[in-house]
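Reading through the structure tokens given below for one structure.
The values are calculated or read from the model by the stated rules, or taken from the named source; none is laboratory data. In this text the structure is predicted, and so the values were computed from the model without any measurement. With ideal geometry, Cβ positions are generated from the backbone for all residues, glycine too; neighbour counts draw on all protein chains shown.
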Amino acid sequence: MGLNSENAGMKKFFTVLIILIALGAGGFFAGWVQLPVPHGSYGVLTSKTHGLYGKVVEDGSFLWLWYRLIPKNTKISIFEIKTQSVPVTVDGALPQGETYASFAGLKISFSWRISGSVAFSVNPEMLPLLVKEAGIADQAALDAYTTRLGSQLSSFIEQRLSYYCAQREVVESISASGTYKNLDDDIRAAFPYISRLSCSFTVKQFPNYDLYESAKSLYEDYTVHQRDTLSNEIKYNAAERINSQFRLDELSKYGELLTKYPVLLDYIKLEEGK
């Protein structure tokens, strides 16, 4: 009788233990959040109790969160990262190139033209921040954001190239390699949300830098000479004007003195008669 009671108690214990293990295993797999993320995509997890999870969720990575056990507490937004390519065409001229060419009598344009494309994608690691700060809630919003980013990137590159291409070594570097390291660094600094950056440019028109420097030097020498000449003339004229003004002031003072003391006029005449 006692033995049967003991066996019954053991069976009850093992039954409860199995149930607890099953519940624990179910809870474990329920909290394993990477399962809903398709291969090649990325997930961003938010919960009602803990807000935004700060790291992107990828397929195949192990991540267990206890608060996912709470029914309807968590949500995973799935995103596919797409590569965006934008065309870039920039043209311009070397500073005052038209002035220098006209002065030197050259029928030439010191202009340059560069065209190409830039490929990039959104950095997957930045997806949680984009969800939080830019309100990216789904794939359509991410695609629209990427398109806007491409437009901003194109404008930024055009502005930077307009600045850099006044330097001969920059245009030569782009002509030889299709890109320029400083420009790549500028892009990454200004657009921290992008990755997989690839710039490819072709120099369509290359200015004659040697001729430009010669014409610029001639123009600068001429302006220095003109400035010196005008400076000397201005100094001479200024001295003449000062002397004339001084003489007029002196005569004016004599006139005031004679008006005030007319007897001095008789004295002057007397002195002249001696």
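Filtering the range 132-161 to residues that are hydrophobic (A, V, I, L, M, F, W, C) and under 30 Å from His50 (Cβ atoms) leaves Ala134, Ile136, Ala137, Ala140, Ala141, Leu142, Ala144, Leu149. Which condition number does Leu183 fail, the rest of (1) surrounded by fewer than 16 Cβ atoms within 10 Å (Cβ to Cβ); (2) in the same structural domain as Gly105 (by TED's automatic domain parsing); (3) more than 30 Å from Leu45 (Cα to Cα) being met? Condition (1) is where Leu183 drops out. A single member of Ser121, Ser102 is more than 19 Å from Leu211 (Cα to Cα), in the same structural domain as Ser200 (by TED's automatic domain parsing) and among the small types (Gly, Ala, Ser), and it is Ser121.
Considering each residue of the range 161-178 in turn, at least one proves to be part of a helix (DSSP H, G or I), of a type in the set (S, T, N, Q) and in contact (Cβ under 8 Å) with a residue 40 or more places away in the chain.
Take residues that are at pLDDT below 85 and tell me which of the strands (runs of 3 or more DSSP E) falling wholly in the range 1-105 contain 1 or more.
Result: 42-47, 74-79.
As a summary of the residue check, Ala144 satisfies the conditions (1) in a helix (DSSP H, G or I); (2) over 30 Å from Ile76 (Cα atoms); (3) without any contact (Cβ under 8 Å) to a residue 40 or more places away in the chain except for the one numbered (2). Taken over the range 175-202, the criterion of being at pLDDT 90 or above, over 26 Å from Ala134 (Cα atoms) and of a type in the set (Val, Ile, Thr) is satisfied by Thr202 alone.
Residue-by-condition table, conditions (1) farther than 13 Å from Ile194 by Cβ; (2) surrounded by 14 or more Cβ atoms within 10 Å (Cβ to Cβ); (3) at pLDDT below 90:
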| residue | (1), (2), (3) |
| --- | --- |
| Ser111 | yes, yes, yes |
| Ile114 | yes, yes, no |
| Pro124 | no, yes, no |
| Gly135 | yes, no, yes |
| Asp143 | yes, yes, no |
| Ser155 | yes, no, no |
| Arg168 | yes, yes, yes |
